[in-house]
1. Does the stretch 5-21 contain any residue that is in a helix (DSSP H, G or I), out of contact with any strand residue (DSSP E or B) (no Cβ under 7 Å at 6 or more places or on another chain) and over 21 Å from residue 98 (Cβ atoms)?
2. Is one or more of the residues making up the stretch 50-70 crowded, with 16+ Cβ neighbours inside 10 Å, without any contact (Cβ under 8 Å) to a residue 24 or more places away in the chain and not in a helix (DSSP H, G or I)?
3. Just checking, does the stretch 80-90 include any residue being in a helix (DSSP H, G or I) and either within 14 Å of residue 9 (Cα to Cα) or without any contact (Cβ under 8 Å) to a residue 60 or more places away in the chain (or both)?
4. If you go through the stretch 91-101 one residue at a time, do you hit one that is more than 14 Å from the chain's Cα centre (by Cα), touching a residue at least 40 places away in the same chain (Cβ under 8 Å) and not in a helix (DSSP H, G or I)?
5. How many residues are surrounded by fewer than 12 Cβ atoms within 10 Å (Cβ to Cβ) and on the phi > 0 side of the Ramachandran plot when one looks only at the stretch 81-98?
6. Give the stretch 22-45 a look and list any residue that's over 23 Å from the mean Cα position of the chain (by Cα) and in a helix (DSSP H, G or I), or say none.
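None of the figures in this text is laboratory data; all of them are computed from the coordinates on show. Keep in mind that this is a model prediction, so the values were computed, not measured. Cβ placement follows ideal geometry from the backbone for every residue including glycine, while neighbour counts extend to all protein chains displayed.
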């Protein structure tokens, strides 16, 4: 059985990998004009960099909000709680999941903007 830190890091890596893939896909699709938005052709590299930054900022913020909700920091906690407990019995819900996820992103070289 894996240690609790290893388990939560595996969850965070899965989330971060999905985040990276979504950012890459959306940036590519937008840059290629698939959404009917034409990128600034005068400086495509800078446009792509800015777009990627914007998408990362917004999606990271959304995921942070999900973690805050799981942590009990939203109005839904007044109704009830969902707990994130690993197979070792460690409750990651009350361990600051939102902060831990952002720290994981930083520690693995992913910008949290």
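1. Yes.
2. No, the stretch 50-70 contains no residue that is crowded, with 16+ Cβ neighbours inside 10 Å, without any contact (Cβ under 8 Å) to a residue 24 or more places away in the chain and not in a helix (DSSP H, G or I).
3. No; the residues of the stretch 80-90 include none that is in a helix (DSSP H, G or I) and either within 14 Å of residue 9 (Cα to Cα) or without any contact (Cβ under 8 Å) to a residue 60 or more places away in the chain (or both).
4. The answer is yes, given that some residue of the stretch 91-101 is more than 14 Å from the chain's Cα centre (by Cα), touching a residue at least 40 places away in the same chain (Cβ under 8 Å) and not in a helix (DSSP H, G or I).
5. 1
6. 44, 45, listed by residue number.
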